[in-house]
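To start, the structure itself, in structure tokens.
The values are calculated or read from the model by the stated rules, or taken from the named source; none is laboratory data. No experiment lies behind these values; they were computed from the predicted model shown. Note that each Cβ is placed from the backbone with ideal geometry, even for glycine, and that neighbours are counted across all protein chains shown.
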Amino acid sequence: MHFSGCDLYLDHFVWDQIIGLLDNGALIQAEIDRRKEASRNTDPRRQRSETLRREQARLGNNVARLITAYQEGLVSLAQLRQRMPELNKKSQAVESELQSLETSAVDQARYLQLAESLDGFRHLTREADVVGRLPLPPQGISLLETQAACLSH
């Protein structure tokens, strides 16, 4: 692939803009802090998780009461066999949803860690003085070529 002077200028211009954004640590940190705060305060997963944990406890109490009622002769074996599968099914559904929420929370935490590591990346690029040596990814080159072609017409 051959790059024209326009391509190289555009490449340099784009990287200057990217590095300029990366150099604005206050802007990056403000956005990270804003997202963390929003995640803590309005995370519907946390609220749903609390509701599911209460439901899980309620179902566990229902199972325990049903078994106690059977042991005391208040419920027949047929009634126990009829009610237990439904309670177990509900309990498994709650447990499955809790696991899904926990996985989602882990994914969110990883995202926030990645966002925090962006500041470290910014410092590394400055310290290594690699601004002029950072290659543009192929999809970036393709996008720039498309944009340059559109601009020239």
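Figures for the structure shown
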| quantity | calculated |
| --- | --- |
| Any chance GLU102 is assigned to a helix (DSSP H, G or I), modelled with pLDDT under 95, more than 30 Å from PHE13 (Cβ to Cβ) and acidic (Asp, Glu) | yes |
| Flag if LEU66 is over 30 Å from ALA105 (Cα atoms) and surrounded by fewer than 11 Cβ atoms within 10 Å (Cβ to Cβ) | no |
| Filtered residue count, the stretch 68-87, keeping only those that are of a type outside the set (S, T, N, Q), assigned to a loop (DSSP other than H, G, I, E, B) and out of contact with any Leu (no Cβ under 8 Å at 6 or more places or on another chain) | 3 |
| Hits in the stretch 96-115 - residues which are of a type outside the set (S, T, N, Q) and either surrounded by 13 or more Cβ atoms within 10 Å (Cβ to Cβ) or in contact with a Phe, Trp or Tyr (Cβ under 7 Å, 6 or more places away or on another chain) (or both) | GLU97, LEU98, LEU101, ALA105, LEU112, ALA115 |
| Which listed residue is at pLDDT below 80, under 30 Å from ASN88 (Cβ atoms) and charged (D, E, K, R), from ASP43, ASP23 | ASP43 |
